[in-house]
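Each remark here refers to the structure printed beneath this line.
Only the coordinates and a few stated rules stand behind these numbers; no lab work does. No experiment lies behind these values; they were computed from the predicted model shown. Glycine gets a Cβ as well: all are built from the backbone with ideal geometry, and neighbour counts include every protein chain shown.
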Amino acid sequence: MNQNLSSYRIFYTVANTGNISKAAKELYISQPAISKSIQKLEESVGCRLFSRSSRGVVLTEEGKLLYDHVSTAFETLTLGEEKLKRSIELGIGHLKIGVSSTLCKYMLLPYLKEFIRKKPHISISISCQSTNETLKLLENDKIDIGLIGKPENAKNIQFDFLEEIEDIFVATKDYIRNLRARGVQKNQILSSATLMLLDKNNMTRQYIDDYLQENHILVKDSIDISDMDLLIDFARIGVGVACVIKSFVKEDLAAGTLVEIPLGIPIHKREVGFAYRTGTKPSKSLAEFIRFYQNFQQAGI
C-alpha cells in the first residue's frame, strides 16, 4: 500500500459525501488539503478517481472499484472499534488456566463456578497438565495462571497459597484382610501390596517416591496410573493400595468403603495454590481473577 490510512479516509469520506466542502467539514481539515490528498492518491494509483462538476464529485469506474475495497476496510475497522468498546464496557476478556485434572475437579471448579457467575463475559480456557507441565506453560507464557502444588524452586513465579493437602494410602477392608491372612504385618503393607501411584511425570508421584526412599520402603509390585480418579476407583474395587489425597476420599473413609493405611511416619502435608508470572503487568482478566480468588478465600465461600 503506497498511501497511508489518512489518504484513504479522505477518499472514503469524499466518496460518501460527494462534495469536497462537506468532506472538509466532516474531517475538520481544509478543502485545499483534501484536494491535494485526492490528487496524490490519483497519481499513486495511476488513474482518476473522481469526476468533478459544479455540483460536487462523482466516482469514476476506477474510483468505484477502489471504493468497494476501501469501504469494506473501514466498515471492518468501525466494527472492530465497536466490539472493543463493548468489550471494555462488559469486561470481556480471556483467561487461560493450567491445572491437573485432579486439582481441576476437586479444587478449581468451586472457584470457577463463582467467578463465571460474577464475570460471565470473561471466557476461560483450561489446560489440564501436571504441575511440572503447568510450570513450563507459565514460563513460556502459554497460560496466565496455574493451580499447582507449591514448587521448591520456581523463578519469577508468584505463589498464592490456597490450602494444604495430605497424601495417604488407602485400600478396601477386604484387601487389607487378605494381606493379613498371608501373614503381612502392618508395617509391611506398602512393601507387600500392589501399590497404585500416579505416573512418574506427576509432581505428586515424585513427592511420594522421595517419601518411600527416605523411609527405606521397597516397593515390589506397582501400577502407574495417570489419573487420581482412576486410582480411587481401582482402590474401591480392591486392585491394591492407592496413594491418594485424603480430602478427595473423605466420603469413602467415612462410609468405610476405603480405609487408611497407618504409617509409622506420616507423609508431610503439601501446599497448593495459584501461581502466575511476576515481572510483567497481568492482563485485565488475570487481575480480575486474582482479586476474585483472594476475596473468595477471605469470605470463606
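Data overview
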| item | result |
| --- | --- |
| Sum of side-chain charges, LYS246 neighbourhood, beta-carbon under 13 Å (Lys, Arg +1; Asp, Glu -1) | -4 |
| In Hz, Karplus ³J(HN,Hα) per residue of segment 257-266 (6.51, -1.76, 1.60; θ = phi - 60°; x = Gly, Pro) | 4, 10, 10, 7, 7, x, 10, x, 10, x |
| Nonlocal Lys pairs with alpha-carbon distance under 24 Å, segment 5-89 (8 or more apart, or different chains) | 8 |
| Relative exposure of VAL99, VAL259, judged by other C-beta atoms within 10 Å (fewest first) | VAL259, VAL99 |
| Packing-based order for 203-214, 186-197, using average beta carbon neighbours within 10 Å, highest first | 186-197, 203-214 |
| Filter on LYS150/LYS281; LYS113/LYS155; LYS105/LYS220; LYS113/LYS250 - keep pairs with C-alpha separation over 27 Å | LYS113/LYS155; LYS105/LYS220 |
| Prolate/oblate/rounded label for segment 5-89 (Cα gyration tensor, a/c 1.5) | prolate |
| Percent antiparallel among DSSP beta bridges (both partners in the chain, rounded to 5) | 55 |
| Net charge of Cβ neighbours under 12 Å - reference ILE267; Lys, Arg +1; Asp, Glu -1 | -4 |
| Euclidean distance of C-alpha centroids, segment 260-301 and segment 122-151, integer Å | 13 |
| Mean residue ellipticity (222 nm) of the chain, computed from DSSP H runs ≥ 4 via -39,500 (n - 2.57), nearest 500 | -14500 deg cm²/dmol |
| Structure-derived mean projected area of the Cα convex hull in nm²: which label, when the choices are (i) 15.5; (ii) 21.7; (iii) 23.8 | (iii) |
| DSSP bridge orientation in segment 167-268 - percent antiparallel, rounded to nearest 5 | 45 |
| Prolate/oblate/rounded call for segment 167-268, Cα gyration tensor, a/c under 1.5 rounded | rounded |
